[in-house]
1. Extension gain residue 67-residue 79, at 0.36 nm per residue separation less the Cα-Cα distance, in nm?
2. Any chance you could give the angle, 0 to 90 degrees and rounded to 10, that helix 2-13 forms with the longest Cα principal axis of the chain?
3. With each pseudo-label sitting 7 Å past Cα toward Cβ, what's the residue 32-residue 60 distance in nm, one decimal?
4. If we sort 30-37, 81-88 on the protection proxy, mean other Cβ atoms within 10 Å, highest first, what's the order?
5. What does the charge add up to near residue 83, with Lys and Arg as +1, Asp and Glu as -1, over the other residues with Cβ less than 13 Å from its Cβ?
6. Per-residue ellipticity at 222 nm for the chain, helices alone: DSSP H runs ≥ 4 residues times -39500 (n - 2.57), over residue total, nearest 500 deg cm²/dmol?
7. Set the Förster distance to 25 Å, then compute FRET efficiency between residue 87 and residue 49 from the Cβ-Cβ distance, nearest 0.05.
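Nothing in this text is a laboratory measurement; each read-out follows from the coordinates by a stated rule. Treat the numbers as computed from the prediction; the structure is a model and nothing was measured. Here Cβ is always computed from backbone atoms with ideal geometry, including for glycine, and neighbour counts include all displayed protein chains.
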Amino acid sequence: MTDDRMALRALLEKGSHADLLREMVELVAQRLMDFEVESLCGAGHGERSQERINHRNGYRDRRWETRAGAVDLKIPKLRRGSYFPAFLEPR
């Protein structure tokens, strides 16, 4: 959680930078995907757990067009099954 706060603080220190909103949307979307995948896997990224039922297997890139501008997302892939973020529309 500390890394998230540091990343958010770095964004806020940019002040009135034109890309601030877009970068904040990207940060929140990426964390939301991480939380969803953690719940599907039963453990966090790199975490060892007896409850783990799946593993991550890299990322795939996806450009997401928003009102704040285009956001480049790294969608986590799973070894077994598939994952697609609930907040994105399929192409």
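1. Details: separation 12, 0.36 × 12 = 4.32 nm, distance 3.29 nm.
Difference between extended and current length: 1.0 nm.
2. Relative to the chain, helix 2-13 is tipped by roughly 20 degrees.
3. With each label point 7 Å from Cα toward Cβ, the separation is 1.9 nm.
4. 30-37, 81-88
5. Values: positive: 56, 60, 62, 74, 77, 79, 80; negative: 34, 36, 38.
Taking every Cβ under 13 Å from that of residue 83, the sum is +4.
6. Numbers: 2 runs with 34 residues, N = 91.
Computed mean residue ellipticity for the chain: -12500 deg cm²/dmol.
7. Details: r = 26 Å, r/R0 = 1.04.
Here the calculated transfer efficiency is 0.45.
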